[in-house]
Each structure stands twice: as structure tokens, then as C-alpha cells.
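Let me begin by presenting the structure, written as C-alpha cells, before commenting on it.
Computed from the coordinates by the stated procedures, all read-outs in this text should not be read as laboratory data. The structure presented is a predicted model; accordingly, all values stated were derived computationally and were not measured. Note that each Cβ is placed from the backbone with ideal geometry, even for glycine, and that neighbours are counted across all protein chains shown.
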Amino acid sequence: MYQLYCAPNTYAMGAHVLLEELAVDYELKPVDLFSASPDPEFLAVSPHARVPALRHSQGTIFESGAIALYLTDKHPDKGFGVDMDHPDRGRYLQWLYYLSSTVQPEVLIQFHPENYFADGALQLKLKQASMGRLNTIWEILNDAYKNGPWLIDNRPTAVDYCVAIQIGWPECFERNVDQYPHLARMLATISKREAFSRVLDWHRDNAEM
Ligand SMILES: N[C@@H](CCC(=O)N[C@@H](CS)C(=O)NCC(=O)O)C(=O)O
């Protein structure tokens, strides 16, 4: 049984939807991200008090990319990962790491510029500069999806879910996702999957948590 530390409408959605797609036993452990004194049990698993974090039978993991890779490697029979000797294993890793190291920092600035500056005018400047970098990022990702809807083979993999939750947040775009037709196509396709919409429903229904 897995335990997923999560909060509504956060990066935890990627791990959450993967657990649903893999159809494995799991329990959600909702946490209060705004608590001044996070639960010590949560801190022991996620030292920055961030979600997602996962407890599994042999230990714990934080970082959504690592969780996605761990889960899909652990359950290869479910077909949401990319095997070690698949020609696209490298591309799979490349885009998973790209999401964590290049995309996420800019997305987080759009939501939390106060992590960098207390001054409102500086926050605005930071968000604008970061949006410029996001525009380039979305162009690059859009191009990566041109043979889509999926990034790898003709099937959804963990990397698609990790992309989908971010492009589902309107705050990530100067206008909206439709500026990037291949990304919009992937989001529309993945949104038809039952597991994806079940997880979206949970996050919507628990938004005030
Ligand atoms: N690189 C991390 C980022 C996780 C992250 O920043 N999660 C946000 C929610 S979307 C969070 O927990 N924020 C709380 C905080 O930073 O205190 C990952 O992919 O897991």
C-alpha cells in the first residue's frame, strides 16, 4: 500500500493520477501546505514540506519526477513507463528531468513570486520575465508533441501526466494553452481518460481543504 502526501491542485496531482492509472492500492494523506508548523511525520518524508511525497513498502520519496519514474519502473506491466532498453528511454528521462529542472521553477514563480521578493512591483517584474521564459518552454514542448497526442509511442506515459497537470493551470500562459495546439491536443486527449478526470474531480472537490 502506497501513501501519497498531497494537497489539492498542486504538483501532487501527477503522482495521484499515476497511482490511479496504475490501479495500485494507495491512501491519500492530505497535508496543510500553509501550516507554520508542518506535521513532523510529513517533514520526515518531505524535508521542504512540499508535495508530492510518497511512502512505499521500502522507504519514502519526494520530488514528483522521481516518484513518477519510481512508480512506472516498479509497475512496468501497467505500461505507463518506458523500459530501460526502449529506444526512447533517454527521451523519457530527458523530458521528466526537463519538467523538474526547467519548467517547474518558472511555473512556481507564476504562483509564488513572494518566495523571491516581498515588494509587489518586483514580484510583477519577476513574473513577467519568467513568463517570457515560459513562452520559450511551451514552444519547445509544443514542438516535442507535434507527432502526438502522446510524447512517446502511441500511448500515455508518466511524462504526459506530469506535463498535463501543468498545462491545465491557466496561470502558466500569457493567454491560454490553445496558443500551443499540440499541447492543447494532448490535454484534451488525456482529459478523456477516466483516471485523469477522477483525480481532477478530487482536487476540485477538495480545493478548500
Ligand atoms: N520539485 C518539486 C516541487 C514541489 C512543489 O513545489 N510543490 C508545491 C505545491 S505545487 C509545494 O508543496 N509548495 C509548498 C512549499 O513550497 O512550501 C516536485 O516536483 O515535487
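Could you give the semi-axes, largest first, of the ellipsoid that matches the chain, computed as the square roots of 5 times the alpha carbon gyration tensor eigenvalues and rounded to whole Å?
Working: eigenvalues 125, 115, 47 Å².
Equivalent ellipsoid semi-axes, largest first: 25, 24, 15 Å.
For the chain, relative contact order (Cα pairs under 8 Å, six or more residues apart, normalised by length) works out to 23 percent. Under the convention that each Lys and Arg Cβ holds +1 and each Asp and Glu Cβ holds -1, the size of the dipole of the chain around its Cα centre is about 380 debye.
Expressed as a fraction of 2.2 N^0.38 Å, the C-alpha radius of gyration for the range 1-109 is 1.09.
Working from label points 7 Å from Cα in the Cα-to-Cβ sense, the D153 to K74 distance is 2.0 nm.
Put simply, when 98-106, 189-197 are sorted by average Cβ atoms within 10 angstrom per residue, most first, you get 98-106, 189-197.
Residue separation of R175 and R89 scaled by 0.36 nm, minus their Cα-Cα distance, works out to 27.7 nm of gained length.
Its Cα centre serving as origin, the range 1-64 has a Cβ charge dipole (Lys and Arg +1, Asp and Glu -1) of approximately 160 debye. Tell me, what ³J(HN,Hα) does each residue in the range 146-153 have, in order and in whole Hz, if you take phi through Karplus 6.51 cos²θ - 1.76 cosθ + 1.60 with θ = phi - 60° and put x for Gly and Pro? Computed from phi, the couplings for the range 146-153 are 5, 9, x, x, 9, 6, 10, 6 Hz. Between the C-alpha center of the range 140-209 and that of the range 62-121 there is a gap of 14 Å. The convex hull built on the alpha-carbon positions of the range 78-139 has an orientation-averaged projected area of 5.5 nm².
In µm²/s, what is D for the range 51-93 at 25 °C and 0.890 mPa s, where D = kT/(6 pi eta Rh) by Stokes-Einstein and Rh is the Kirkwood radius from Cα pairs?
221 µm²/s
Per residue, the convex hull spanned by the Cα atoms of the range 93-200 measures out at 98 cubic angstrom. As a rough guide to protection, the peptides 70-76, 35-41 ranked by mean Cβ packing within 10 Å, highest first, stand as 70-76, 35-41.
Of the residues V199, V24, V159, the one that moves most in a GNM of the chain with alpha-carbon contacts below 10 Å is V24.
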